[in-house]
């Protein structure tokens, strides 16, 4: 029997993709916001494709802020942009 692959929706392009292909942004239980590459950090998560265009769309529409129900610090957006550049390098 085939194993079911977890799907998540990108907050930028709104496409559903395999969870492993996406970058997770998490609001931890203490209220801080950061990136989670393991997918196991406790807290509320939102996902983005590793594509700079998706990041721009999500930032413009404030989709991450609505999904995580908290303001997203600029450092998180900056780190996401750096990670995407390195991955797409």
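Worth a mention:
- For region 1-21 versus region 34-89, the inter-centroid distance based on Cα atoms is 16 Å.
- Segment residue 51-residue 17, extension gain: residue separation times 0.36 nm, minus the distance between their alpha carbons: 10.9 nm
- Counting neighbouring beta carbons within 10 Å and listing from fewest to most, the residues 78, 30, 36 come out as 30, 78, 36.
- Value of relative contact order over the chain, rounded to a whole percent, pairs C-alpha under 8 Å and six or more apart: 26 percent
- Tensor-based shape of region 7-88 (alpha-carbon gyration tensor, a/c under 1.5 rounded, otherwise prolate or oblate): rounded
- Structure remark: mean-square fluctuation, Gaussian network model of the chain, C-alpha springs under 10 Å; the largest value among 45, 31, 12 belongs to 31.
- Maximal additional length on extending the residue 62-residue 74 stretch stands at 3.1 nm, based on 0.36 nm per residue less the C-alpha distance.
- In nm, spacing of pseudo-spin labels at residue 42 and residue 5 (7 Å Cα→C-beta vector): 3.1 nm
- Exposure proxy ranking, count of Cβ atoms within 10 Å, fewest first, for 10, 49: 49, 10
- Helix-only CD estimate at 222 nm, as mean residue ellipticity for the chain, using -39500 (n - 2.57) per DSSP H run (n ≥ 4): -10500 deg cm²/dmol
None of the figures in this text is laboratory data; all of them are computed from the coordinates on show. What you see is a predicted model, and the numbers here were worked out from it, not measured in a lab. As a convention, Cβ positions derive from the backbone with ideal geometry for all residues, glycine included, and neighbour counts pool all protein chains shown.
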